[in-house]
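Here the structure is laid out as structure tokens; the discussion comes afterwards.
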Amino acid sequence: MNAAEAIFMAVRVWAYIGASVAAVFLTFGIDRVDEDARGAYLFRPLLIPGILVIWPLVLWRWYRYETGTDVWSARYHPPLKSHLTVGFMLPVAIALIIGTGLFVRQTWPADFEPIQISAPQEVSQ
């Protein structure tokens, strides 16, 4: 098994687990986690792509809610202290990445001569 097959297999396993979590969560769990979702069945298929991708977070939040360890007030207060730092670091990092990409470009080999590719000849049968 080469690297591409391993990555494809990992993505497929992730999607299978995500599909099973989405089926169980959207059937049984969403009514318990969100009171406003009770009886609302038309929007649930819209959640499937997101649950396929972030199923570990869905399971973790569902577990925290079911065990009662979820602090509901902390959900609505993100850590604002780090936003200023990240707000300055992100543009600097983007500029450094773009600058590095432009600075460390590959050069063509000196002995390379381009050739013109012509259209294939028609085959008569």
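Rule-based calculations on the coordinates, nothing more; no lab input. As the structure is a prediction and not an experimental result, all values here were calculated from the model. Cβ: placed from backbone, ideal geometry, glycine included. Neighbour counts: every protein chain shown.
Grab the DSSP H runs of the chain that are 4 residues or longer, score each as -39,500 (n - 2.57), total them, divide by all residues and round the 222 nm result to the nearest 500 deg cm²/dmol.
-18500 deg cm²/dmol
Magnitude of the charge dipole for the chain, about its Cα centre and with charges confined to Cβ atoms of Lys, Arg (+1) and Asp, Glu (-1), is about 540 debye. Rounded to the nearest whole Hz, the Karplus-based 3J(HN,Hα) values (6.51 cos²θ - 1.76 cosθ + 1.60, θ = phi - 60°) of the range 28-39 follow the sequence 10, x, 5, 5, 7, 7, 10, 5, 6, 7, 5, x, with x at glycine and proline. Computed over the range 3-76, relative contact order equals 37 percent, with contacts defined as Cα pairs under 8 Å that lie 6+ residues apart. Taking the Cα centre of the range 3-76 as origin and assigning +1 to Lys and Arg Cβ atoms and -1 to Asp and Glu Cβ atoms, the resulting dipole is close to 60 debye.
For the range 17-63, trypsin sites (Lys or Arg not before Pro) meeting the loop criterion (DSSP other than H, G, I, E, B) and having at most 13 other Cβ atoms within 10 Å: Arg38. May I ask you to list, by number, the DSSP H helices of the chain whose Cα span along the axis is at least 30 Å and whose average Kyte-Doolittle hydropathy reaches -1.0 or more? Going by DSSP H runs, the hits are 3-24, 81-103.
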